[in-house]
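One structure below.
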Amino acid sequence: MSVGYRVNSKQGTQFRIWATKRLKDYLIQGYAINENRLAQKQQEVQTLKDGIRILSRAIQQKEENQNLGFEWLNHFAKGLELLDDYDHENLDKKGLSKRKATYPELSDYQEVIKSMRSDFESGVFGKEKDGSFESAIAQISKGFGEEDFYPTLEEKAATLLYLIVKNHGFVDGNKRIAAACFLLFLQSNDLLNNSQGISIISNDALASLTLFIASSKPEEMDTVKKLVISVLNRNRDDRH
């Protein structure tokens, strides 16, 4: 195309007319496709909200009449509570665990990444692009004087997950690595499982939170971190 736009001939002129029309058609069609995708996404969000409202009414009816047979909703009570808090901007701002943190060494994180490489068919999985990965790890331990920037373990964990995802410090595998490092930090601080030995975050929840962070905008950072903190808080069995 570069050559075609420089050639000064009848054929060059015909090519430029053809190419300009094609580019115009592509831009118009491309916008239409993106507009359709946006409309589809908005419809999906609306469908989800409608479903939440229906389930919320079902819970209310259950409280009013125990004989309606909605016992199965109890299983999803925490998830519905989170959705409602998210909708009303009432997510948890702080975590529950204020004890001193145990910080895995950089080599510990790197060992986890190394152990994951054989599971993924990529020659560049876990290959660092810059120093942003080390920066994310260091950030959660910082503070001013004796006061930590992130006072609770949950806040540190949420910040770690967010920074590794958003910093894009690896050629490939940023989200998977972020999720694994997030779990390592929780495990190192005895926060991964509750007193019954059950993980406080499910596989699906981990994937959903990581994708939620990846698709978020910079101005939404506080909200997505609050959601992660809220998930960790609500799944603790010593929450008061």
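The values are calculated or read from the model by the stated rules, or taken from the named source; none is laboratory data. Please read all numbers here as calculations on a predicted model, not as lab measurements. Please note: Cβ atoms are built from the backbone with ideal geometry, for glycine as well, and neighbour counts cover all protein chains shown.
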Of the numbered conditions (1) at pLDDT below 90; (2) farther than 26 Å from Arg234 by Cβ; (3) in a loop (DSSP other than H, G, I, E, B); (4) of a type outside the set (S, T, N, Q), Gly197 satisfies every one except a single condition; which is it? (2)
Just one of (1) out of contact with any Cys (no Cβ under 9 Å at 6 or more places or on another chain); (2) at pLDDT 95 or above trips up Phe120, so point out which. (2)
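Please determine whether any residue of segment 207-215 is outside any helix (DSSP H, G or I), surrounded by fewer than 15 Cβ atoms within 10 Å (Cβ to Cβ) and not β-branched (Val, Ile, Thr). Let's see the steps before the verdict.
First pass over segment 207-215, keeping only residues outside any helix (DSSP H, G or I): 215.
Subset that is surrounded by fewer than 15 Cβ atoms within 10 Å (Cβ to Cβ): 215.
Remaining after also requiring not β-branched (Val, Ile, Thr): 215.
Within segment 207-215, one or more residues are outside any helix (DSSP H, G or I), surrounded by fewer than 15 Cβ atoms within 10 Å (Cβ to Cβ) and not β-branched (Val, Ile, Thr).
Being assigned to a loop (DSSP other than H, G, I, E, B), out of contact with any helix residue (DSSP H, G or I) (no Cβ under 6 Å at 6 or more places or on another chain) and touching a residue at least 24 places away in the same chain (Cβ under 8 Å) is the filter here; which residues of segment 126-179 pass it?
Initial filter on segment 126-179 (assigned to a loop (DSSP other than H, G, I, E, B)): 126-127, 129-131, 140-142, 145-146, 149-152, 168-169, 171, 173.
Filter once more, keeping what is out of contact with any helix residue (DSSP H, G or I) (no Cβ under 6 Å at 6 or more places or on another chain): 127, 129-131, 141-142, 145-146, 149, 151-152, 171, 173.
Within segment 126-179, Lys127, Lys129, Asp130, Gly131, Ser141, Pro151, Thr152, Val171, Gly173 meet the criteria.
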Answer yes if at least one residue in segment 216-238 is more than 22 Å from Lys114 (Cα to Cα), in contact (Cβ under 8 Å) with a residue 40 or more places away in the chain and of a type in the set (Asp, Glu), and no otherwise. yes
So if I check each of Lys94, Lys114, which one is more than 20 Å from the chain's Cα centre (by Cα) and at pLDDT 90 or above? Lys114
Any idea which of (1) surrounded by 19 or more Cβ atoms within 10 Å (Cβ to Cβ); (2) within 20 Å of Asp92 (Cα to Cα); (3) more than 16 Å from the chain's Cα centre (by Cα) is the one Ile200 doesn't satisfy? (1)
Across segment 96-125, what is the number of residues that are within 16 Å of Leu186 (Cα to Cα), assigned to a loop (DSSP other than H, G, I, E, B) and aromatic (Phe, Trp, Tyr)? 1
